[in-house]
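Reviewing the structure listed below.
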Amino acid sequence: MTETLYQSDISSLPLIGRGKVRENYAVGDDKLLIVTSDRLSAFDVVMSEAIPKKGQVLNRMSNFWFRKLESIVANHLTGIEPESVVSERERSQVQGRAVVAKRLKPIMLEAVVRGYLAGSGWKEYQATGSICGIRLPSGLRNAERLPEPIFTPARKAALGEHDENVDFETISKEIGASLAEKIRSISLQLYRAASDYAATRGILIADTKFEFGLDDQGELVLMDEVLTADSSRFWPVEGYAPGANPPSFDKQFVRDYLESVPGWMKTAPPPRLPPEIVAKTSAKYCEALERLTC
Ligand SMILES: Nc1ncnc2c1ncn2[C@@H]1O[C@H](COP(=O)(O)OP(=O)(O)O)[C@@H](O)[C@H]1O
Ligand SMILES: [Mg+2]
């Protein structure tokens with residue numbers, strides 16, 4: 001594997017945008033080069049340290065799921081080699097960590113599916129007994145498995161802000177009822193297929209987030225990253241017990257560290273991550289990839 005990459009700088013292509021973790025460049029007028037850096041964001045704040053191997057791991061994980069789930073919904077991958085769309089001296093920046101994707105019209109919605117109570121879902125349930133307007137049985141504990149997976153959409157926030165949970169009615173008004181229903185149905189199917197598979201590999205997918213776009217025919221296409229440790233909450237099955245915050249792979253680990261930093265208000269600038277946290281996090285990402293794909 002190549003060295004870490006905190007931020008890509010591909011000058012042979014027009015930069016369209018930098019997200020928290022990825023840079024997007026235009027490839028012609030209908031495709032994107034999406035480069036996954038080694039940046040890590042937690043609580044929507046980007047950390048200052050690069051996490052070795054993280055970009056390549058996420059890219060492989062996403063591509064693994066895109067392929068595995070392609071019978072459920074079309075995805076944005078083109079199969080074009082990223083190395084072929086950049087200059088020779090830029091190739092090391094994309095190796096193993098980039099894709100050439102169809103450029104879609106993004107649907108401004110985070111299609112969240114939850115199989116277990118956690119994070120903002122747990123908070124909302126404690127306050128209201130519901131998540132995104134979906135009434136849940138009373139007496140559920142933190143990390144408890146839900147009677148069935150639920151679709152709990154969120155509005156994508158601007159950089160540095162938090163996504164906002166919204167109910168299905170609101171989403172239907174914003175994007176149209178039939179599109180909203182299609183996204184809900186596909187998201188639930190994707191979650192079920194992925195979580196059934198992951199369970200055979202010792203990983204519980206507590207929740208995850210999908211993003212969709214429309215192609216130039218108006219067809220719904222799965223985009224962005226899929227079922228990575230960044231877009232999902234993965235729990236190792238062996239540490240799972242409802243009632244407590246399960247020990248987890250990946251980001252939850254950094255989150256727990258950050259929660260222990262006195263006085264940090266979850267806004268930029270972030271605290272520095274100690275080298276052992278960086279190393280352990282890198283190892284966690286690799287372990288999740290191995291468990292799921294090897
Ligand atoms: N095929 C695609 N077409 C258009 N936009 C896409 C596509 N795939 C991903 N995106 C967008 O590219 C960005 C990826 O960068 P990322 O670092 O994940 O950003 P964010 O901070 O918004 O999560 C996201 O805004 C995502 O919606
Ligand atoms: Mg993203």
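The values are calculated or read from the model by the stated rules, or taken from the named source; none is laboratory data. In this text the structure is predicted, and so the values were computed from the model without any measurement. Here the Cβ is made from the backbone with ideal geometry for all residues, glycine too, and neighbour counts use every protein chain on show. Side chains are part of the model used for accessible areas, which takes the heavy atoms of the whole protein and leaves out ligands, DNA and RNA. Shrake-Rupley method; radii C 1.70, N 1.55, O 1.52, S 1.80 Å.
For the range 1-57, name all the residues that are in contact with a strand residue (DSSP E or B) (Cβ under 6 Å, 6 or more places away or on another chain), within 15 Å of ligand 2 (Cβ to nearest atom) and not in a loop (DSSP other than H, G, I, E, B).
Correct list: I16, G17, R22, E23, N24, L32, I34, V35, T36, G55.
For the range 58-68, indicate whether the set of residues that are part of a loop (DSSP other than H, G, I, E, B) and away from ligand 1 (no atom under 11 Å from the Cβ) is non-empty.
no
Which of (1) crowded, with 23+ Cβ neighbours inside 10 Å; (2) touching a His at 6+ places or on another chain (Cβ under 8 Å) does K102 not meet, given it meets every other one?
(1)
Evaluate the range 155-166: report whether one residue or more is under 18 Å from the mean Cα position of the chain (by Cα), in a strand (DSSP E or B) and either more than 16 Å from ligand 1 (Cβ to nearest atom) or on the phi > 0 side of the Ramachandran plot (or both). Walk me through how you get there before you give the answer.
If we filter the range 155-166 for residues that are under 18 Å from the mean Cα position of the chain (by Cα), which is where we start, we get 155-165.
Going one step further and asking which of them are in a strand (DSSP E or B), we end up with 155, 164-165.
After this cut, where a residue has to be either more than 16 Å from ligand 1 (Cβ to nearest atom) or on the phi > 0 side of the Ramachandran plot (or both) as well, the list is 165.
Yes: one or more hits.
Take the range 134-174 and flag every residue that is under 25 Å from N245 (Cβ atoms), open to solvent by less than 80 Å² (accessible area, probe 1.4 Å) and of a type outside the set (A, V, I, L, M).
Hits for the range 134-174 are P137, G139, N142, E144, P149, F151, T152, P153, D163, N165.
Modelled with pLDDT under 95 and either of a type outside the set (V, I, T) or under 14 Å from D230 (Cα atoms) (or both), is that true of D44?
Spelling it out, D44 is indeed modelled with pLDDT under 95 and either of a type outside the set (V, I, T) or under 14 Å from D230 (Cα atoms) (or both).
When you check A279 against the structure, is it open to solvent by less than 20 Å² (accessible area, probe 1.4 Å) and outside the structural domain of V73 (by TED's automatic domain parsing), yes or no? First the steps, then the outcome.
Values: open to solvent by less than 20 Å² (accessible area, probe 1.4 Å): no; outside the structural domain of V73 (by TED's automatic domain parsing): yes.
No.
In a strand (DSSP E or B) and in the same structural domain as A241 (by TED's automatic domain parsing): does that describe I150?
It is true that I150 is in a strand (DSSP E or B) and in the same structural domain as A241 (by TED's automatic domain parsing).
Take the range 21-78 and flag every residue that is of a type in the set (S, T, Y), closer than 27 Å to V261 by Cα and surrounded by 20 or more Cβ atoms within 10 Å (Cβ to Cβ).
Of the range 21-78, the ones of a type in the set (S, T, Y) are 25, 36-37, 41, 48, 62, 71, 78.
Narrowing the set further to residues that are closer than 27 Å to V261 by Cα leaves 37, 41, 48.
S37, the sole residue that qualifies.
Taking the range 79-99 only, how many residues are over 25 Å from A194 (Cα atoms), open to solvent by 10 Å² or more (accessible area, probe 1.4 Å) and either more than 16 Å from ligand 1 (Cβ to nearest atom) or in the same structural domain as N165 (by TED's automatic domain parsing) (or both)?
10
Filter the range 205-241 down to the residues that are at pLDDT below 95, more than 16 Å from ligand 2 (Cβ to nearest atom) and buried (at least 21 other Cβ atoms within 10 Å of the Cβ), then identify the one that is nearest to the chain's Cα centre (by Cα).
Filtering the range 205-241 for residues that are at pLDDT below 95, more than 16 Å from ligand 2 (Cβ to nearest atom) and buried (at least 21 other Cβ atoms within 10 Å of the Cβ), the one nearest to the chain's Cα centre (by Cα) comes out as F234.
Give the residues of the range 248-280 that are of a type in the set (S, T, Y) and over 16 Å from the mean Cα position of the chain (by Cα), sorted by residue number.
Hits for the range 248-280 are Y257, S260, T267.
Within the range 259-271, does at least one residue satisfy the condition of being open to solvent by less than 40 Å² (accessible area, probe 1.4 Å) and among the small types (G, A, S)?
no
Pick out the one residue from G121, G79 that is touching a Lys or Arg at 6+ places or on another chain (Cβ under 7 Å) and more than 16 Å from ligand 2 (Cβ to nearest atom).
Details: G79 fails: touching a Lys or Arg at 6+ places or on another chain (Cβ under 7 Å).
Unique residue meeting the criteria: G121.
Could you grab me the full set of residues in the range 187-231 that are in contact (Cβ under 8 Å) with a residue 12 or more places away in the chain, assigned to a helix (DSSP H, G or I) and among the charged types (D, E, K, R)?
Listed by number, the list holds a single entry, R192.
Considering the range 127-147 alone, what residues qualify as being in a loop (DSSP other than H, G, I, E, B) and within 12 Å of V113 (Cα to Cα)?
Step one: of the range 127-147, the residues in a loop (DSSP other than H, G, I, E, B) are 129, 132-133, 136-144.
Hit for the range 127-147 is C132, nothing else.
Assess whether R184 counts as being touching a helix residue (DSSP H, G or I) at 6+ places or on another chain (Cβ under 8 Å) and either part of a strand (DSSP E or B) or more than 16 Å from ligand 2 (Cβ to nearest atom) (or both).
Taking the combined requirement at face value, the residue satisfies it.
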